Amino acid sequence: MKTPASGFYRNPVKFRMPTSENLVPIRLDIEIDGQRYKDAFTWNPTDPDSEVVLFAKRTVKDLKLPPAFVTQIAQSIQSQLADFRSYEGQDMYAGEKIIPIKLDLRVNHTLVKDQFLWDLNNFESDPEEFARIFCKDMAIEDPEPAIAFAIREQLYEIAIQSVVSARESRLSKKGRRGAEYAPVSKGGAVAVDLVKLFGPKSSVVRKRKEWDVYEPIVDLLSNEEVDALEAKEERNFR
C-alpha cells in the first residue's frame, strides 16, 4: 500500500480514523441488578442517531436482558459517539510516523499476544483484513473481531493525541512543526520514522532482526485457566 508524498507529512488533515473506514470503536460494560452486559464493536458515526436506540432494543430482546438495559446501552453508545464527533473538523497530524500496536487479549479459550508497527500515513489500511489474515495464518477463528477492534481502539487513541498535538502547535508561541510530532502508543513507546527504517511502502511491519521479539503468541487455555482469568476479571470489575 502506498503512503502519501512526503510533503503531506507537515500538513494537518481533518480528524478521522487513520483507516479506510471511519468507524468508531465502542466498548460497553454495564451492570444492572446483578446482570452484566459486555460488548465491543464499531459504529459508523454517520449513521442516524435513531439507529442507536433500535440497536439497544434489539440487543436487550436477543439477550433477554431486563428492559432497563435499553436506556443504559443507548446512552453509553451515544456518549462515545459524541466524544468522537467532538473532534470532527479539528486538525490532526496524519502521519510521518509508524506506531507500535500491541495485542494482549483473550477470546473464550484463545489467548493472543503480538506486537507490530502500523503506518499512520496509510488511510487505506484495514484492521479487519489484517485480523482475517492473522487468524488464517495462526489457524484460529474466534479472536478475529477482537483483534480488529483492539487495533482500531489504539489507532483512535493516537488520532486523538494527534489532534491535541495540532492544537498545541497552533497555540505555542514558538510553534512546532508537524515533523516534531511523535505519537505515543498505549504501551508508552515512541513511534519511529517509517521512511528512514522501511522505505515508503509499508502499512504493517515486522523487522526481520526482531522476529523473535515480535513473534505472535497464541495459547489455548484450559477450562481451569479460563475460570481463573474470569474470576480475576470479575474481581477487578467489582
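The values are calculated or read from the model by the stated rules, or taken from the named source; none is laboratory data. These numbers were taken from a predicted model, which means no experiment stands behind them. Please note: Cβ atoms are built from the backbone with ideal geometry, for glycine as well, and neighbour counts cover all protein chains shown. For the accessible areas, the whole protein counts, side chains as well, though only heavy atoms, and no ligand, DNA or RNA atoms are used. Shrake-Rupley method; radii C 1.70, N 1.55, O 1.52, S 1.80 Å.
In segment 107-120, how many are crowded, with 21+ Cβ neighbours inside 10 Å and basic (K, R)?
The total comes to 0.
Identify, from the list V60, V112, the residue that is out of contact with any strand residue (DSSP E or B) (no Cβ under 8 Å at 6 or more places or on another chain) and among the β-branched types (V, I, T). Step through it out loud before you land on a result.
Numbers: V112 fails: out of contact with any strand residue (DSSP E or B) (no Cβ under 8 Å at 6 or more places or on another chain).
Answer to the selection: V60.
Could you check how many residues of segment 66-98 are open to solvent by 50 Å² or more (accessible area, probe 1.4 Å) and under 13 Å from V53 (Cα atoms)?
Total meeting the criteria: 7.
Going by what's in this entry, would D104 be described as open to solvent by 60 Å² or more (accessible area, probe 1.4 Å), outside any loop (DSSP other than H, G, I, E, B) and touching a strand residue (DSSP E or B) at 6+ places or on another chain (Cβ under 9 Å)?
yes
Please work out which one of (1) part of a loop (DSSP other than H, G, I, E, B); (2) surrounded by 12 or more Cβ atoms within 10 Å (Cβ to Cβ); (3) at pLDDT below 95 is the condition K2 fails and give its number.
(2)
Only one of these is modelled with pLDDT of 95 or more and acidic (D, E): D142, D49, D62. Name it.
That would be D62, the only listed residue that is modelled with pLDDT of 95 or more and acidic (D, E).
Read through the list (1) open to solvent by less than 40 Å² (accessible area, probe 1.4 Å); (2) at pLDDT below 90; (3) within 21 Å of P127 (Cα to Cα), then give the number of the only condition that F41 fails.
(2)
So which residues in segment 27-43 are part of a strand (DSSP E or B) and out of contact with any Lys or Arg (no Cβ under 8 Å at 6 or more places or on another chain), if there are any at all? Steps first, please.
So in segment 27-43, the residues part of a strand (DSSP E or B) come out as 27-32, 35-43.
Those that are part of a strand (DSSP E or B) and out of contact with any Lys or Arg (no Cβ under 8 Å at 6 or more places or on another chain): R27, E31, I32, Q35, R36, Y37, K38, F41, W43.
Out of (1) at pLDDT below 90; (2) within 16 Å of the chain's Cα centre (by Cα), the odd one out for R152 is which?
(1)
Mind listing just one residue for me: the one in segment 121-152 that is assigned to a loop (DSSP other than H, G, I, E, B) and touching a Cys at 6+ places or on another chain (Cβ under 7 Å) and, of those, least open to solvent (accessible area, probe 1.4 Å)? Reasoning before the result, please.
Here is the first cut: in segment 121-152, the residues assigned to a loop (DSSP other than H, G, I, E, B) are 121-126, 139-143.
Subset that is touching a Cys at 6+ places or on another chain (Cβ under 7 Å): 141, 143.
Numbers: E141: 152, P143: 1 Å².
The selected residue is P143.
Criterion first (closer than 24 Å to W118 by Cα and open to solvent by less than 30 Å² (accessible area, probe 1.4 Å)) does I26 satisfy it?
Here the answer is yes, as I26 does meet what is asked.
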